[in-house]
1. Under the Karplus relation 6.51 cos²θ - 1.76 cosθ + 1.60, θ = phi - 60°, what is the ordered set of whole-Hz ³J(HN,Hα) values for segment C:75-88, x standing for Gly and Pro?
2. Ranked highest first by the average count of other Cβ atoms within 10 Å around their residues, in what order do C:592-601, C:22-31, C:358-367 fall?
3. Through the Karplus equation 6.51 cos²θ - 1.76 cosθ + 1.60, θ set to phi - 60°, convert the phi angles of segment A:129-140 into ³J(HN,Hα) values in whole Hz; use x for Gly and Pro.
4. Using Cα positions and a limit of under 16 Å, work out the aspartates and glutamates in reach of residue A:16, with same-chain residues fewer than 8 apart set aside.
5. So if I place +1 on the C-beta of Lys and Arg and -1 on the C-beta of Asp and Glu, and nothing else carries charge, what would the dipole magnitude of segment A:123-179 be about its Cα centre? I want it in debye, nearest 20.
6. Label segment C:176-311 by shape, choosing from rounded, prolate and oblate, from the square roots a ≥ b ≥ c of the eigenvalues of the Cα gyration tensor; if a/c is under 1.5 it is rounded, and otherwise prolate applies when a/b is larger than b/c, oblate when it is not.
7. At what distance in angstrom do the alpha carbon centres of segment A:23-100 and segment C:393-448 lie from each other?
8. Starting from the Cα of residue B:36, step 7 Å along the direction of its Cβ; do the same at residue A:252; then give the gap between the two resulting points in nm.
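Every read-out reported here was derived from the displayed coordinates using simple, explicitly stated rules and does not represent laboratory data. The structure presented is a predicted model; accordingly, all values stated were derived computationally and were not measured. Note: ideal-geometry Cβ built from the backbone for every residue, glycine included; neighbour counts use all protein chains shown.
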Amino acid sequence: MEHYTMNLTLKVWRQKNKKDKGSFETYTVSDISSEMSFLEMFDVLNERMVHEGKEPIAFDHDCREGICGMCSMYINGRPHGPWEGTTTCQLHMRAFKDGDTIVVEPWRANAFPVIKDLVVDRSAFDRIIQAGGYISVNTGNAVDANATPIEKNKADTSFAAAACIGCGACVAACKNSSALLFLSAKVSHLALLPQGGPERKTRVVDMIAQMDKEGFGSCTSTGACEAVCPKEIPITNIARLNAEYGHAGLTSDK
Amino acid sequence: MKWSELFTSSVGKKFVMGLTGVFLILFLIVHVGLNACIWAMDGGQMFNLAANFMGSTVVMRILEIGLFATIILHIVQAYVLELQNRRKRSIGYQVPMGNKGSKWYSRYMGWLGTLILFFLIVHIRNFWVPSRWLEMPEVTYPPGVTVHDLFGLMKDTFTNIWLVLLYLLGCVSLAFHLMHGFQSAFRSLGVYNNRYIHLINGIGIGFSIIVPLAFAMMPISMYLNWVQ
Amino acid sequence: MFKSNIPDGSLDKKWEDYKGHVKLVNPANKRSLEVIIIGTGLAGASAAASLGEMGYKVKAFCFQDSPRRAHSIAAQGGINAAKNYQNDGDSTFRLFYDTIKGGDYRSRESNVYRLAAVSASIIDQCVAQGVPFAREYGGLLSNRSFGGVQVQRTFYAAGQTGQQLLIGAYQALERQVALGTVEMFTRHEMLEIVIIDGKTRGIIARNLVTGELERHFGHAVLLASGGYGNVFYLSTNAMGSNVTAAWKAHKQGAYFGNPCFTQIHPTCIPVTGDHQSKLTLMSESLRNDGRIWVPKEKNDPRKPGEIPEAERDYYLERRYPAFGNLVPRDVASRAAKERCDAGYGVGTSKQAVYLDFATAIERYGKTECRKHGIDNPTAEDIRHHGVEVVKEKYGNLFDMYAKITGEDPYTTPMRIYPAVHYTMGGLWVDYELMTTIPGLYAMGEANFSDHGANRLGASALMQGLADGYFVIPYTIGNYLADEIRTKAIPTSHAAFEAAEKIVSERLSQLKNINGTQSPESFHKRLGKIMWDKCGMARNEAGLKEAIEEIRALKAEFWRDVRITGNIAEFNPELDKAGRVADFIELGELMCQDALMRRESCGGHFREEMQTEDGEAKRDDANFSFVAAWEYKSDSNWELHKEQLEFEVAHPSQRSYK
């Protein structure tokens, strides 16, 4: 793999705090190695800004290996940048070339208010999980793990849905700011397993009610969520959620 | 869960869109099938008789009311959803996502639907209103059935090139509306097995090309005098 | 308070007996007892959920924006449990024995036995919660093998086991939040513990969004704040992983156990340059199928594919025929360093070795072709099917490798090199996981207890969940049973006032330095000192130098650090500065500990102490103890020794040959 260095222009959203109006600022960075990760390029810029006595750009990040779901930049018109199936922290600078201008914005959705610069508040996701994204089993109540065999295909599909990292890219990409891919991943994960059976109906109904309350939009199946999901969670999960919801609605006892 | 929630929550609204959409798809099949009778090359006899049948029984009248109700529900719900969804992002992006991840026609369903709505108003004024509410020429076929001469009305109507073009625009809008709507309706109704999804996607693409194409050929056939 | 409190009785009966006689708290009293938990990784989240379920009033804190982001989420390979589902001779005793031996006889027998004993329940609990472990076609759970053992006892979910387990614990935690038993504080960092009359009674936390300081009362405080591998700057830890909570406790009187015991993981993606901010692990599970080699020729310029079989040195298979590529981590790391130092390294930096899957792809390919009934398969058929199998097992890891390096690991071998991964050391705790401060507990990676001088793969997840689900719910009752008459202390108490004052003064002090260098740059320099002199190999001269250098760095930090922004706002620079200041102090203690321990054991390799063929040489006569350091004053610690008694697993030379 050939490595190269590049000079770039960055247009980054700066916003002091929740109440501030915010605006774009332009920065230039030079001698960026193609081997750097996108966030390491931001580190370089921030280091320089501290040196100059300016306030560095705030952005969320933690594990930097694509699994914690904390990083969240909307880069050149796409959540997590140009690479498919990739989080911002795993995006590397070889995705860009010398002289490029890169526009970086925070996730935009009323349900995800900006805290500072590129940092947004995604606590709505936690509240959606609180509404029912779990199996109610207290510690110590479990039977032997092999007591219930589970069809491999179902277990695998369930795992693929459970791979969701809760980053919110689906919401950021959706023209309606819908969180349905996130919800459907959780609903599918649990509905596909026999353990999730007892709470199947209440789970989906309660989680949808919470999603609506949090101010997310509704799904219109454009597929943008699936396209930007760093864990490539398929939109079929949304269909499964719809089926679960319909089933719950039609067979409800109340 | 209350009944109302099943149709008013964010997912419930999609049920309504999906159900009405599927009903309208079924209607399109009937409509295109019936209209295809113009190509029977019998001076419009088969077409006129078929059209007459569609308005002749109580059942058909009830279905007709149902159809209008469905269309109105589909339209109203769509606008409500669109407006609500737009309010979920007060500050937009500097660089829009564009086609990175979704098809333009999936994002512009509202506009496509609006175009279809305009077309529909003209279309209903052209054919349904005269046939149902106004005086119009009649023809008599053996053994003595007298029916409205809708075939003749079509021929008259489609001598106007602007109307033909308007109809073509309507058909193109319909094609793209269906391209998204067909598979989306089934997703909203909860079809998730991959084998059915593949089937539905295939049928959906075929349907959204063939049906609007067939509709488009009707004014063209009339205008170019391919049918007598 | 420095008593291990190990129950009497034979090893296999201790925990059962303890549970049978431990004090209980009745349900009504639990409702008025408050417990604070710092950190929401596997240990913290599972403890918060379990204690909430039991009825305690729990407050949980994490510095991330959601408890689901804790770094447990990044664990890849799997979790051990003595289930013996594979019928390959596994048992509680064998897991116990492997762990003690793997830890090079520097851990406490009773704790490790308890860990092995509860391991099976963890899997049951997780499956019940809906953790989608990998399964066989028959629908039963699948297992794989990890380093340092000869059975298959590792349960996994592709290369995302930590994620799935954490999501399970997180969901259980959020359920309790919904029920109101747990109150969750995200984007909060603990900056001080509050001690009243000798007992831990609360914390001072900073709201990282507003910058405000908050006082929280608790009858007990549980630290589950993870390890301190980030003291090396470059590690597989998350950027935010830090020692601050544990360090504050240490400075208030909690002893720090075995600080120098650091795990260097053998298979990580090599460093590419100065810009590097962290290192990425390639799961140990890859060593199930990958073979590690270097060219037999020094500085061989050829591409890996051009080097014929006969000219490759599969040095692990050569040196350790019994365990081969699956030797424990410390052994594999040192062997890689040895080859690279000797000039056989590969890649541009020459600081890497190959991890090659060609053999596995061919083996799996052949099996699959047989399964699919393909007679006389072509090489292409075999490769195609083999790649499919490897993709299913390790696909996400291969993708990650490709993204970072730009190379395709299916066609060219991975380049890997050891990196800091885990810290076996941590706050010293007794059998009940209580530190030397009454009412202050430490769980998971934050404590020192179970892994001795080297942790076996897939055991960190096991320990975190064992502590949180199955140990602390029992042991905390033994303490809280005596606290039922203690009313909640108002946070206007003088002790809270004083603690908050310490914190706010320290923050202003940091902010007011107004120097020229960023906290990040100090962190980098600290990391370099630590890696060079207290890393994979240590010696007396180097450690002494390191201590001097760290002291100088500390002085420079407090003179010249620059923190932009203000205290009363969202300010990552300020957060970082506080953490780096603590890392610098910890770094010195680690070097002190490494200097004191004049033996080689597990991950701690003193160059002066090695056998003729370069293996670690332990000194049981002089160092069979846990080093528990008491903080006295700046750069001044007192060593306390907890002698290790081995009644069952008698120490022997650790051999994987």
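1. 4, 9, x, x, 9, 7, 7, 7, 8, 6, 5, 8, 6, 10
2. Values: C:592-601: 21.6, C:22-31: 13.6, C:358-367: 17.9.
Order by mean packing, descending: C:592-601, C:358-367, C:22-31.
3. 5, 4, 6, x, x, 7, 10, 7, 9, 6, 4, x
4. A:25, A:55, A:60, A:105, A:117, A:121, C:569, C:573
5. Numbers: 4 positive and 4 negative charges, 48 e Å.
Approximately 240 debye in magnitude.
6. Values: a/c = 2.99, a/b = 2.69, b/c = 1.11.
Prolate.
7. With segment A:23-100 and segment C:393-448 each reduced to a Cα centre, they are spaced 25 Å.
8. Using points 7 Å along Cα→Cβ, the separation is 4.2 nm.
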